[in-house]
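Written below as structure tokens is the structure these notes are about.
What follows draws every value from the coordinates through simple rules; no lab data is involved. The model shown is predicted, which means the values in this text are computed figures rather than measured ones.
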Amino acid sequence: MKHIQELITAVEYQKPLIWNDPEPIKENDYTISWIEEITSDIDKLDPILIQYNNGQSEAQVFLHEILLKK
């Protein structure tokens, strides 16, 4: 995602999201199962807390690492 408003809209419409991990582990499911509350004042350099891998893992990721799942 390039803009925080894109993420807000995706969450609002419950679009499936994935984390584009810069150092992926082959077996992990990077589908985001939970994302912290997002507001429009979050800077794109602020980390965003997510859960992925069916809620088994969490990470702080940057906005540009979150993608719409294809």
Share of pairwise Cα separations in the chain, more than 15 Å, in percent = 47
key: Theoretical gain in end-to-end length, Leu68 to Asp43 [0.36 nm per residue, Cα-Cα removed]   = 7.1 nm
message = Can you tell me the length gained on complete extension of the stretch Val11 to Gln56, counting 0.36 nm per residue apart and subtracting the Cα distance?
response = 14.2 nm
Candidates Gln14, Gln60, Gln51: whichever shows maximal mean-square fluctuation once the chain is modelled as a Gaussian network with Cα springs under 10 Å = Gln14
task = Once you've got the GNM for the chain with C-alpha springs shorter than 10 Å, pick whichever of Glu58, Glu27, Glu36 has the biggest mean-square fluctuation.
result = Glu27
